[in-house]
Amino acid sequence: MSTSYFVAADWLIEHGDDPEVQIIDARMAPPGQEHRDVPGEYRAGHLPGAVFFDIEALSDRNSPLPHMLPRPEAFSVAMRELGISKDKHLVVYDEGNLFSAPRAWWMLKNFGVEKVSILAGGLAGWKRDELPLQQGDVTLPEGEFDATFDAHVVKRLTDVLVVSHEKTAQIVDARPAPRFNAQADEPRPGLKRGHIPGALNVPWGDLVFEGELKTTDELRAIFDLAGVDLHRPIIASCGSGVTACVVILALATLGVSDVTLYDGAWSEWGARDDLPVEPAK
């Protein structure tokens, strides 16, 4: 049985006492809002029983790039300490904008969790329905988590450079159009404007409506309009590897499987002086 990509709040309430379901709060501050105390926001009010999945803290601390994927061993230890078990049905949510929950979904799936869903509407939808919130930290018994990882799901800069040059796959950039088209500065200082040569733009926000994905017909039309061929390999990119996962999630719902992530994304490419950029200066 395949796990649905999204579950509704009423489903989660029905399964509130199910020991096989675990709830994960994956809120994170978007670039430009680094001043926010997101762990503090979590403690001020979260879904009952939800543990805080801190994407920043769970990243590779040795990389100069933002929130890069950690080593499987490090991720296993962190999940066990949080009380998360790999064999349970994990339900992830964010603020309700579908900004960061897909990144948590992608991380968990690629570290070997088979059953992961996203709460449709996220925290905003939960609050709109006036459902109960819990304050403070949630402490669970140690979880059982032994991560497995297929390194092929992540592309490195050299892979993307070759693809950009040889067109052996499509690069789909999830950043907003003004940033992709070099009409707006990046929110992270020190990065150039523009995009990877040959990349196609599918802004992540265009795929989302009220904290969930648009209909499959709408999604298909958006990718088609952007010139994306769903039958050819795709590398998803964005500013720092987070919203690219919205593109990956949308493609997954359309049954597209040959999709990888450029985790360094524009934070890496746009910081270099030795790489080509479009529009060419």
Subject >> Within segment 16-69, considering residues that are without any contact (Cβ under 8 Å) to a residue 40 or more places away in the chain and within 14 Å of the chain's Cα centre (by Cα), the one nearest to Gly83 (Cα to Cα) >> reply: Asp54
Original post:
Which helices (runs of 4 or more DSSP H) does segment 159-273 wholly contain that include 3 or more residues that are open to solvent by 10 Å² or more (accessible area, probe 1.4 Å)?
Top reply: 177-180, 216-225, 244-253
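Just one of Ser4, Ser63 is at pLDDT below 95 and in contact with a strand residue (DSSP E or B) (Cβ under 6 Å, 6 or more places away or on another chain); which is it? Working first, answer last.
Working: Ser63 fails: in contact with a strand residue (DSSP E or B) (Cβ under 6 Å, 6 or more places away or on another chain).
Exactly one residue qualifies, and that residue is Ser4.
Of Pro19, Pro48, Pro102, Pro66, which residue is part of a loop (DSSP other than H, G, I, E, B) and within 21 Å of Leu261 (Cα to Cα)?
On the way: Pro19 fails: within 21 Å of Leu261 (Cα to Cα); Pro48 fails: within 21 Å of Leu261 (Cα to Cα); Pro102 fails: part of a loop (DSSP other than H, G, I, E, B).
None of the other options fit; the residue is Pro66.
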Original post:
Can you name every residue in segment 16-30 that is modelled with pLDDT of 95 or more and surrounded by fewer than 18 Cβ atoms within 10 Å (Cβ to Cβ)?
Top reply: Asp18, Pro19, Glu20
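Test of understanding: among Gly40, Gly112, which residue is out of contact with any Ser or Thr (no Cβ under 7 Å at 6 or more places or on another chain) and not aliphatic (A, V, I, L, M)? Break it down stepwise before answering.
On the way: Gly112 fails: out of contact with any Ser or Thr (no Cβ under 7 Å at 6 or more places or on another chain).
The match here is Gly40.
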Subject >> When residues of segment 107-139 are limited to those that are farther than 30 Å from Ala151 by Cβ, aliphatic (A, V, I, L, M) and in a loop (DSSP other than H, G, I, E, B), the one most open to solvent (accessible area, probe 1.4 Å) >> reply: Leu133
Subject >> Single condition Phe209 does not satisfy, out of (1) without any contact (Cβ under 8 Å) to a residue 24 or more places away in the chain; (2) over 17 Å from the mean Cα position of the chain (by Cα) >> reply: (2)
**OP:** Would you check if there is a residue in segment 252-266 being closer than 16 Å to Ala169 by Cα, at pLDDT below 95 and not β-branched (Val, Ile, Thr)?
**Re:** yes
Original post:
Could we say that Ala151 is under 23 Å from the mean Cα position of the chain (by Cα), open to solvent by 30 Å² or more (accessible area, probe 1.4 Å) and hydrophobic (A, V, I, L, M, F, W, C) here?
Top reply: yes
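The values are calculated or read from the model by the stated rules, or taken from the named source; none is laboratory data. Being a predicted model, the structure only gives us computed values, none of them experimental. When we count neighbours, we look across all protein chains shown, and the Cβ atoms used for this are built from the backbone with ideal geometry, even at glycine. The area values use the complete protein model at the heavy-atom level, side chains included, leaving out ligands, DNA and RNA. Shrake-Rupley method; radii C 1.70, N 1.55, O 1.52, S 1.80 Å.
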